[in-house]
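This report concerns only the one structure given below.
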Amino acid sequence: VNSALLNHSERIHADLALFTDPDFVLQASTTGQADRFLAAVKRQADQALAGTSQARQIEIIGGEPFQIVAVPVRAPVLIGWVGMGFRVDETKLQDIRSLSGLEVTLLRPRPPAGTEIALSTLTRAQWPALQQAWQASASRATPLPRSVELAGDEYRARAVVLNAAPGQTAVTAVLMRSVDQALAPYERLQLTLLILTGLGVIVFAIGGLYTAQRITTPLRSLTHAARRLEQGDYGDAVHPRYSGEIGELAQSFETMRQAIQTREGQISRLAYEDALTALPNREQFRHDLRQAIERHKSDGQPCAVLLLDMDRFKHVNDVLGHRFGDRLLQAVAGRLRTQVQSHPGAELARLSGDEFAVLLPDTSADEAVPLAQRILRAFETPLTLDDHTVDLSAGIGVACAPDHGDDPDLLLSRAEIAMYVAKRQQAGVVVYHPGLDSTSEESLTLLSELRQAVDTHQLRVFLQPKIDLRTGQAIGAEALVRWAHP
């Protein structure tokens, strides 16, 4: 055990080491006089067992300050304690000073009731003044003054009690910093600022005169260019005909003009293009449909609209996630491009979600149906993405101008009605006809009139008897509500 203690203490540069049993009976020690050391280790162990902090573990042993560490030895129950003592010498105080920039002084008790300086990073000439200040504060039972003058230098001071074990006088560390050293960087900074301020005033005066002569005319030109940009005129380039800062400003204006022009183009493209599939969006499709209707009004040629909505796409999104759904929409768009590119002048667009539209110029409803059926057959082949095979189907509604309307919104609405009928009836392709939405209109009318019928007592209750034909007797009745519609 002695060999192990010596080995471990040398590894961690401990000056004292001992091992005790659980009752703090000394078993081994690297020093012959271990009584004070053993008592200090027992105090630290008691603090550890009580759950109190061991942050301040400095004790005086043999007239010198030591840092005491007590560690329990378990195998797995407690079989003893190991104590280590580290002598606090001047080297450690110098390390603290180099790390923190503070002067450190350790005060130890001096029998019978005094205190003396054990170690310090101060010069020997400053020790008596600090000793006198400490004794004066101790005699008055007041804290050490925050400001202490040592050998003509002013220091800010703070005393920290490192140990207050029962029966021992506290070991105290006094941390100090020179006020002159703390203020020195600010005094140098103050002088630097004064010099820079003076130079700045001189340079500003000279530069102001020079700038006033050279900047007025170029600024007028740049102001005119800024007004053109304000009015939305991004076509005229700002030519940097000037040198120096004005030239750089003119170049910045030109860069800004190009950036705004590019951004305007991107905004315009995003306003009319679907970002996911790079297809025209609803607004662009409505614009193109309006132009196709206007163009064919003069020559009398029809144009058809196919509106397509995927079946079970929401289920795919819920099961495989929206990112997979986005990739699936891109694959659907690619498959639709392949099908419609064979039709001259056909335009494919994504209106919203999983809803796609196809504009077929110079095409009647009867001519559009074969293309719609070909699209449905194309979706009979499942799509495979990331080892997932997705079987999609679709419902397609067909509307034609001018037969079904000559307004883009009306035509899209009627194609949508036909599409929902196709999805509801699993019919694949449905061409719009007036009977598809008349039911909805009649239902809305009847609902409104029924509310009025209740309020105006147009409903009548009748009891229709049920007759047993064998006996001719009434065996029951059927209650009927009849609407006497005006």
**Request:** Could you check the simple spin-label distance between residue 71 and residue 424, using points 7 Å along Cα→Cβ, in nm with one decimal?
**Result:** 8.1 nm
**J(HN,Hα) series, the stretch 274-286, from Karplus relation 6.51 cos²θ - 1.76 cosθ + 1.60, nearest Hz, glycine and proline x** = 6, 5, 6, 9, 6, 9, x, 8, 4, 5, 5, 5, 4
**Prompt:** What residues qualify as long-range amide H neighbours of residue 115, i.e. H under 5 Å apart, gap of 5 or more or another chain, H built at 1.01 Å from N?
**Reply:** 110
**Message:** Taking amide H atoms as placed 1.01 Å from N in the peptide plane, list the residues 5 or more away in sequence, or in a different chain, whose amide H sits under 5 Å from that of residue 17.
**Reply:** 30, 31, 85
**Request:** Please give the contour-minus-distance gain from residue 151 to residue 260: 0.36 nm per residue of separation, less the Cα-Cα distance, rounded to one decimal in nm.
**Result:** 32.2 nm
**Request:** Starting at the first residue of the stretch 174-184, write each ³J(HN,Hα) from the Karplus equation 6.51 cos²θ - 1.76 cosθ + 1.60 with θ = phi - 60°, in whole Hz, x for Gly and Pro.
**Result:** 9, 9, 9, 9, 5, 5, 4, 5, 5, 8, 4
**Message:** Taking all protein chains in place and a 1.4 Å probe, what share, in percent, of the accessible surface of the chain do carbon and sulfur account for?
**Reply:** 54 percent
**Message:** Under the rule of at least 5 residues apart or a separate chain, name every residue whose amide H is placed under 5 Å from the amide H of residue 273.
**Reply:** 281
**Message:** Per residue, how large is the accessible surface of the chain? Use a 1.4 angstrom probe and give square angstrom.
**Reply:** 60 Å²
**Prompt:** Separation between the residue 212 and residue 469 pseudo-spin-labels, each 7 Å from Cα along Cα→Cβ, expressed in nm?
**Reply:** 12.0 nm
**Request:** Would you kindly derive the ³J(HN,Hα) couplings of the stretch 252-262 from the backbone phi angles with the Karplus curve 6.51 cos²θ - 1.76 cosθ + 1.60 (θ = phi - 60°), listing them in order in whole Hz, with x for Gly and Pro?
**Result:** 5, 4, 5, 4, 5, 4, 5, 5, 5, 4, 5
**Asked** In percent, what relative contact order does the chain have, based on Cα pairs under 8 Å that are 6 or more apart in sequence?
**Response** 7 percent
**Message:** Taking the alpha-carbon distance from residue 314 and a cut-off under 17 Å, which aspartates and glutamates remain once sequence neighbours fewer than 8 residues away in the same chain are dropped?
**Reply:** 326, 354, 355, 391
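The values are calculated or read from the model by the stated rules, or taken from the named source; none is laboratory data. The structure presented is a predicted model; accordingly, all values stated were derived computationally and were not measured. Neighbour counts are summed over all protein chains in view; Cβ atoms, including those assigned to glycine, are modelled from backbone coordinates with ideal geometry. For the accessible areas, the whole protein counts, side chains as well, though only heavy atoms, and no ligand, DNA or RNA atoms are used. Shrake-Rupley method; radii C 1.70, N 1.55, O 1.52, S 1.80 Å.
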